[in-house]
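Below: the structure, in structure tokens.
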Amino acid sequence: QVQLVESGGGLVQPGGSLRLSCRASGSVLTIYLMGWYRQAPGKQRELVATITNGGVTNYTDSAKGRFTISRDNVKNTVDLQMNSLKPEDTAVYYCYARAIVFSTFGQGTQVTVSS
């Protein structure tokens, strides 16, 4: 199995930036895709961005042009640089990893965008 630990959430004003980081441990060699999901109060968990082992990225429309996902396959980390944050970006952000036989989420980190 794989364990994921997120860091970097917090409170930021609209228009500000935050960088989330996630470190994977355990059976990391089985992972072929990592990413970030988020869940706002009263809403379903939704995809934000993913990145493959080869660096192919995918973003939800609301993240395109504002968020950048990156991955370090040596350190087993995946980061999400979030710029031009909006109040509607407020959510718990979850790191995600997918392997051949399982997928898993981290515990989540709160991001609050408010003035």
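The values are calculated or read from the model by the stated rules, or taken from the named source; none is laboratory data. As the structure is a prediction and not an experimental result, all values here were calculated from the model. A quick note on method: Cβ atoms are made from the backbone with ideal geometry, for glycine too, and the neighbour counts reach across all protein chains shown. SASA here: full protein model, heavy atoms, side chains in, ligands and nucleic acids out. Shrake-Rupley method; radii C 1.70, N 1.55, O 1.52, S 1.80 Å.
Tabulated values for the structure
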read-out: In segment 66-115, trypsin sites (Lys or Arg not before Pro) in a DSSP loop with at most 15 other beta-carbon atoms within 10 Å; value: Arg66, Lys75
read-out: Backbone HN-Hα couplings from phi across segment 104-115 [Karplus 6.51/-1.76/1.60, Hz, Gly and Pro as x]; value: 8, 10, x, 7, x, 9, 7, 10, 10, 10, 7, 8
read-out: Highest-fluctuation residue, Pro14, Pro41, Pro87 considered, GNM on the chain with Cα pairs under 10 Å; value: Pro41
read-out: Those chymotrypsin sites (Phe, Trp or Tyr not before Pro) in segment 1-104 that DSSP places in a loop and that have at most 14 other beta carbons within 10 Å; value: Phe102
read-out: Vicinal HN-Hα couplings computed from phi for segment 40-51 (Karplus, 6.51 cos²θ - 1.76 cosθ + 1.60; Hz; Gly/Pro x); value: 8, x, x, 10, 6, 5, 10, 5, 10, 7, 9, 8
read-out: Accessible area in square angstrom per residue, the chain, 1.4 angstrom probe; value: 53
read-out: Distant-in-sequence amide H partners of Ser27 (H built 1.01 Å from N, under 5 Å); value: Val2, Gln3
read-out: For segment 8-14, Karplus couplings with θ = phi - 60° (6.51, -1.76, 1.60), whole Hz, Gly/Pro x; value: x, x, x, 9, 9, 7, x
